[in-house]
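Peer 1: Sharing a structure with you now.
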Amino acid sequence: MLYFLRFFPEELMDNSEIVKAIDEQISRLQEARALLANSAGGRTTATRQAAGGRTGRRKLSAQARANIIAAQKARWAKWKKAQKSA
């Protein structure tokens, strides 16, 4: 009950008024969510699937993974060498 006093500090409200206020907030939030979901930057998985876009993780080829591993090993070796000389 104290939580609602922050948003409705006038007086204590009865249960029906609290429920009505919560319903109004929920409807405002749902409208805001709908606007964001329909905007260009807020594409959901369902809209990406409908548009034919990717929804899962992209797969790297074995060669690409090997290149990444080799580059990381080179960075580690460089760091270890710098730690020994310091």
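A short reminder: the numbers here are calculations on the coordinates, not readings from a lab. All figures in this text were calculated on a predicted structure; none of them were measured in a lab. Note that we place each Cβ from the backbone using ideal geometry, even for glycine, and neighbour counts take in every protein chain shown.
Peer 1: Could you work out how far apart the two model spin labels at Ala71 and Arg58 are, taking each label as a point 7 Å from the Cα in the direction of the beta carbon, and quote it in nm?
Peer 2: About 1.3 nm, to one decimal.
Peer 1: May I pose another question? Which of the lysines could a cross-linker span from Lys73 if the Cα-Cα distance has to be under 22 Å and same-chain partners fewer than 8 positions apart are dropped?
Peer 2: Partners found: Lys59, Lys81, Lys84.
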